[in-house]
Amino acid sequence: AFKHEAGTYVLPLDDADPNYFRIVFPNFWSFQTPSERQRVLETAAVVTGMIKAVKVFPGPNDTIASVEMLLPDEDAFRTFFPRALLMLQAAVREFCTAMHGTDADSMVAEAIKKLFGRDGERRAEAG
């Protein structure tokens, strides 16, 4: 684990697959109710779809973000790490902004409106 800009990140290692690279930012957004969990799922789906290599997903009561990739060799870690960390930070920032509702014009907020409507309910398919 390592700390960076007030966050704690984890670099899990897989000895069986040394070319697999993953950075995890755990527990950055808590939720308690089923409706909060639904909102987390919707926002996570949009952020995951918009930012390359990033996965955002809920745990039992909190939200996790990770970047995962296969590297051409073990030494490539030094090349890919800075960009992977930036992508992870961007995903967390976009997720939190959308969850706080502080930027109604953000790409994530717009995508959520189109997919799920104002009240979080999935819109009925037209036609």
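The values are calculated or read from the model by the stated rules, or taken from the named source; none is laboratory data. As the structure is a prediction and not an experimental result, all values here were calculated from the model. Positions of Cβ are generated from backbone atoms using ideal geometry, with glycine treated the same way; all protein chains shown enter the neighbour counts. All accessible areas refer to the heavy atoms of the entire protein, side chains included, with ligands and DNA or RNA removed. Shrake-Rupley method; radii C 1.70, N 1.55, O 1.52, S 1.80 Å.
Restricting to the range 50-68, name every residue that is open to solvent by 60 Å² or more (accessible area, probe 1.4 Å) and among the polar types (S, T, N, Q). It would help to see each step written out before you state the result.
Initially, the range 50-68 is screened for residues open to solvent by 60 Å² or more (accessible area, probe 1.4 Å), giving 50, 52, 55, 57, 60-61.
Correct list: Asn61 only.
For the range 2-56, what are the residues that are part of a loop (DSSP other than H, G, I, E, B) and on the phi > 0 side of the Ramachandran plot?
Glu5, Ala6, Ala53
In the range 7-49, how many are of a type in the set (Val, Ile, Thr), farther than 28 Å from Pro72 by Cα and either surrounded by 12 or more Cβ atoms within 10 Å (Cβ to Cβ) or in contact with a helix residue (DSSP H, G or I) (Cβ under 7 Å, 6 or more places away or on another chain) (or both)?
The number of residues fulfilling the criteria is 3.
Considering only residues of the range 69-90 that are in a loop (DSSP other than H, G, I, E, B) and open to solvent by 30 Å² or more (accessible area, probe 1.4 Å), which is modelled with the lowest pLDDT? Let's see the steps before the verdict.
Applying the first criterion (in a loop (DSSP other than H, G, I, E, B)) to the range 69-90 yields 71-73.
Pick out the ones that are also open to solvent by 30 Å² or more (accessible area, probe 1.4 Å) and you get 72-73.
Working: Pro72: 91, Asp73: 88.
Looking at the filtered set, the residue picked out is Asp73.
Consider Val108 carefully, then state whether it is β-branched (Val, Ile, Thr), under 11 Å from the mean Cα position of the chain (by Cα) and open to solvent by less than 60 Å² (accessible area, probe 1.4 Å).
So Val108 does not fit the description; no.
Among the residues that make up the range 22-39, is at least one of them modelled with pLDDT of 90 or more, of a type in the set (Phe, Trp, Tyr) and more than 23 Å from His4 (Cα to Cα)?
Checked the range 22-39: at least one residue is modelled with pLDDT of 90 or more, of a type in the set (Phe, Trp, Tyr) and more than 23 Å from His4 (Cα to Cα).
Does the range 93-105 contain any residue that is within 30 Å of Gly117 (Cα to Cα), modelled with pLDDT of 95 or more and surrounded by 15 or more Cβ atoms within 10 Å (Cβ to Cβ)?
no
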